[in-house]
Amino acid sequence: MILVIDDDSAVRSSLSFMLKRAGYEVQTVPGPREAMDVVRAVAPELILMDMNFTLTTTGEEGLTLLRQVKIFRPEVPVILMTAWGSIQLAVQGMQAGAFDFITKPWNNAALLQRIGTALELTRAPKEEDKAGSGTLKRHRIIGRSKGLTDVLETVGRIARTNASVLITGESGTGKELIAEAIHINSQRADHPFVKVNLGGISQSLFESEMFGHKKGAFTDASSDRLGRFEMAHKGTIFLDEIGELDLSCQVKLLRVLQDQTFEVLGDSRPRKVDIRVVSATNADLRKMVGERTFREDLFYRINLITIQLPALRERKEDIPLLARYFADLQAKANGLPRTDFSSDALTFLSRLPFPGNIRELKNLVERTILVSGKERLGAADLEAQYHRADEPAVAAGTSLAGMTLDEIERQTILQALDQYRGNLSQVALALGISRAALYRRLEKYNITVHNS
């Protein structure tokens, strides 16, 4: 049963009619007192509640009701309804334990989709869904460490829902591969998977890239352009580097994610789109929200489910599997004999800090194979390429023996800073990490940069 709480009788009637047509059992009540009578007597499958009642316009009554509901029925998902102008109230509700929020007037299809997602994620899993990552289509995801297995089990649970997903983790940990795995294991697998690097889209081009434009909409619009959201219709849109998005663009993105409608530049006719949103970032969005560089309402909209990817140094048992996988790919791509690794080579790899994670490991293996020309690589072959002048590592003559991973990583960064004379862009590029990730490591290791 879905419980609808709203003091507007027209809203209650409209929602009741729509939900019953969709096959749900519905009960409606006008206010908090009646709502708590129902909640105490029976556990609804889902609650759809307004945040503002006639007694107040501040939303305090709605927040109080939400907190009471979560005390009596913490397992029941609650979807909040609020006006766009009071969206901050919905954010407060999310902080208090709400599952999701919508703004009035709502899009019926989008609301039904969110209700379906909430119910799918909170109902007990079916027997056929309990196989976890064993039956998952991995799509080039290599490894069997616990950290990776936990991630894949989460992917297996949520892939067939329409829940928005935020994938976090350091650069090079495989966020795009996880996003693709979510898509190919979803009910949208036969439809497009559209990747967008938000860090590479300027503020001036954002609307044209994401929503499209009509010919003549602006000076350089010589023909119609299909936007990324429309390309992803019925499929999945992957918003990579979402932490790099300008604040003004965040507002525009939030509006389309809110009700899945948008306007093409040069055409005022609203268009609807049916998409699943998966986002990724290596930034700390919670910290950015506190610094007011990332909108809190957008943060809650994109991270219904959060998947944190482990760094490669946290899944060292996967390094031999990954090394052999990349070696096999290199052999096939270049028509070379299959390359193997000695035990000391695999031991050497397992001791490296890999600040660039899987991407750095892949580059090291491929470069060593091409340069050495050997069919069996030893530690010396890999170490020679790891210490290449344009791929800085630990200082010359420094032994890795006896050093902790943090000590090796700190020495790696210091060597890179010295080689590139404090140019942080070049250092980040050489280490295979983002500038943001480099800043975090400088802070972690208390390294002061002096540009020369």
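A few notes on this one:
- The chain - share of DSSP beta bridges that are antiparallel (%, nearest 5): 10 percent
- For LYS195, the amide hydrogen comes within under 5 Å of the amide hydrogens of PHE238, counting only partners 5 or more places away or on other chains and with H modelled in the peptide plane.
- Taking all Cα pairs closer than 8 Å and separated by 6 or more residues, the relative contact order of the chain comes to 12 percent.
- Karplus-based coupling profile of region 150-167, in residue order and whole Hz: 4, 4, 5, 5, 5, 4, x, 6, 9, 4, 7, 8, 10, 4, 5, 10, 10, 9, with θ = phi - 60° in 6.51 cos²θ - 1.76 cosθ + 1.60 and x standing for Gly or Pro.
- A simple count of charges around LEU304, restricted to other residues whose Cβ falls under 14 Å of its Cβ and scoring Lys, Arg +1 and Asp, Glu -1, yields +1.
- In terms of the mean number of neighbouring beta-carbon atoms within 10 Å, the peptides 20-27, 156-163 order highest first as 156-163, 20-27.
- Annotation for region 320-354 versus region 259-314: alpha-carbon center distance of 36 Å.
- Per-residue [θ]222 nm for the chain (sum of -39500 (n - 2.57) over DSSP H runs n ≥ 4, rounded to 500): -13000 deg cm²/dmol
- For VAL4, the residues 5 or more places off, or on other chains, whose built amide H falls under 5 Å of its own are GLN27, THR28, VAL29, LEU48.
- Per-atom-type breakdown for the chain gives carbon and sulfur 49% of the accessible area (1.4 Å probe, protein chains only).
- Close amide H contacts of LEU377 (hydrogens built in the peptide plane, cut-off under 5 Å, sequence separation of 5 or more or a different chain): ASP340, PHE341, SER342.
- Other residues within the sphere of radius under 13 Å centred on the Cβ of GLN203, judged by their own Cβ, net out at -3 (K and R +1, D and E -1).
- Beta bridges from DSSP with both residues in region 162-301: antiparallel share about 20 percent, rounded to the nearest 5.
- Rounded to the nearest 10 degrees, the angle from helix 357-372 to the longest Cα principal axis of the chain is 30 degrees.
- Accessible surface computed residue by residue for region 208-282, with neighbouring protein chains in place and a 1.4 Å probe, gives 43 Å² per residue.
- Taking every C-alpha pair closer than 8 Å and separated by at least 6 residues, the mean separation divided by the residue count of region 214-288 gives a relative contact order of 39 percent.
- Per-residue HN-Hα couplings for region 8-24 [Karplus 6.51, -1.76, 1.60; θ = phi - 60°; Hz; x = Gly/Pro]: 9, 5, 5, 5, 4, 5, 4, 5, 4, 4, 5, 5, 5, 5, 7, x, 9
- In angstrom, the C-alpha Rg and Dmax of region 183-291 are 14.3, 42.
- Over the chain, the reciprocal of the mean inverse Cα-Cα separation, the Kirkwood hydrodynamic radius, stands at 24.7 Å.
- Rounded tilt (10° steps) of 435-444 against the dominant C-alpha axis of the chain: 80 degrees
- Values of log10 I(q)/I(0), in the order q = 0.16 Å⁻¹, for region 246-389 under a Debye, Cα-only, solvent-free model: -0.84
- Note on LYS252: lysines with a C-alpha under 26 Å away, same-chain residues under 8 apart excluded, are LYS104, LYS175, LYS195, LYS214, LYS215, LYS234, LYS272, LYS287.
The values are calculated or read from the model by the stated rules, or taken from the named source; none is laboratory data. Keep in mind that what you see is a predicted model, and the values were worked out from it rather than measured. Cβ atoms come from the backbone with ideal geometry, glycine included; neighbour counts cover every protein chain shown. The protein model used for the area step is the full one, side chains on, heavy atoms only, and it has no ligands, DNA or RNA in it. Shrake-Rupley method; radii C 1.70, N 1.55, O 1.52, S 1.80 Å.
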